[in-house]
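The structure appears right after this line, and notes come after that.
No value in this document is a laboratory result; all are computed from the given coordinates. Bear in mind that the values here come from a model prediction, so they are computed numbers and not experimental data. When we count neighbours, we look across all protein chains shown, and the Cβ atoms used for this are built from the backbone with ideal geometry, even at glycine.
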């Protein structure tokens, strides 16, 4: 079982739609959680951190469920510019530290 | 500020050739990382340097060596390239090890024939 698992998609949605991505992680000692965005043939960039209480940044909402070990990202009112791959990232400290990237979920927003 | 820069952007090697990928950051970050990204696999950590003067193996270090030349620069060397090393290589940096925000370079696309 992969340490961080995501549905690879692709998700094809029309502009204005709401889309949700889920990510599960296997290590209950995981401490920090993030969503990164990666455009085609570009480098990953931090989209937002994920806090236990949930957090929102404009059209984006991230939530963490520690009991079930999953993280979610909700995008409301999708824009064409939201088309990208969304990477779920988990960090845990095991003596040193370990950052694990999910393989990503591809999103295509269509006009 | 340029952030994280990588050279070269593209490279084609023959099996057995060697090369060094260069990475530099101008954000005065302590920690630097080398990842490879393959389709369906996600980013996998090759080596990292928590601070100047230290380097440690990541998840997939075999076939690679690194040098933290100074606080700004962290290079990745392939001594004898193999087709399995065909990948996109990203360098990243963060202020401290494991810190939430890692800043990535634009990547190096490597093809080993």
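Calculate the FRET efficiency for residue B:7 and residue A:68 from the Cβ-Cβ distance with a Förster distance of 45 Å, rounded to the nearest 0.05. If you can, show how the numbers build up before the last one.
Working: r = 44 Å, r/R0 = 0.97.
With a Förster radius of 45 Å, E is 0.55.
I need to check one value: relative contact order of chain B, counting alpha carbon pairs closer than 8 Å and at least 6 residues apart, in percent.
Details: 298 pairs, mean separation 40.7, N = 113.
Relative contact order here is 36 percent.
Could you tell me which of rounded, prolate or oblate describes region A:55-111, using a ≥ b ≥ c as the square roots of the eigenvalues of the alpha-carbon gyration tensor, with rounded for a/c under 1.5 and, failing that, prolate when a/b is larger than b/c and oblate otherwise?
prolate
Given 20 °C and 1.002 mPa s, compute D for the protein assembly as shown with the Stokes-Einstein relation, Rh being the Kirkwood radius over Cα pairs; round to the nearest whole µm²/s.
Details: Rh = 18.1 Å.
In µm²/s, the coefficient is 118.
For region B:39-93, what's the radius of gyration and Dmax over Cα atoms, in angstrom?
11.6, 34
What distance in nm separates the simple spin-label points at residue B:82 and residue A:42, each placed 7 Å from Cα in the Cβ direction?
3.5 nm
Suppose R0 equals 45 Å; then what is the FRET efficiency for residue B:57 and residue A:55 from their Cβ-Cβ distance, rounded to the nearest 0.05? Walk me through the intermediate numbers first.
Values: r = 34 Å, r/R0 = 0.75.
Efficiency at R0 = 45 Å is approximately 0.85.
State the Cα centre-to-centre distance between region A:33-110 and region B:1-32 in whole Å.
26 Å
Arrange A:35, B:34 by Cβ neighbour counts within 10 Å, fewest through most, would you? Don't jump to the answer; show the numbers that get you there.
Numbers: A:35 23, B:34 27.
Listed from fewest to most nearby Cβ atoms, that is A:35, B:34.
For chain A, state what percent of all Cα-Cα pairs lands in each successive 10 Å bin, counting from 0 Å until the bin that includes the largest distance.
The calculated distribution, bin by bin, is 15, 48, 30, 7, 1.
May I ask you to derive the FRET efficiency for residue A:2 and residue B:28 from their Cβ-Cβ distance with R0 = 35 Å, giving the value to the nearest 0.05?
0.50
Take every DSSP beta bridge whose two residues both sit in chain A, then give the antiparallel share in percent to the nearest 5. All intermediate terms of the calculation are to be shown ahead of the outcome.
Numbers: 38 of 42 bridges.
Bridges in chain A are about 90 percent antiparallel.
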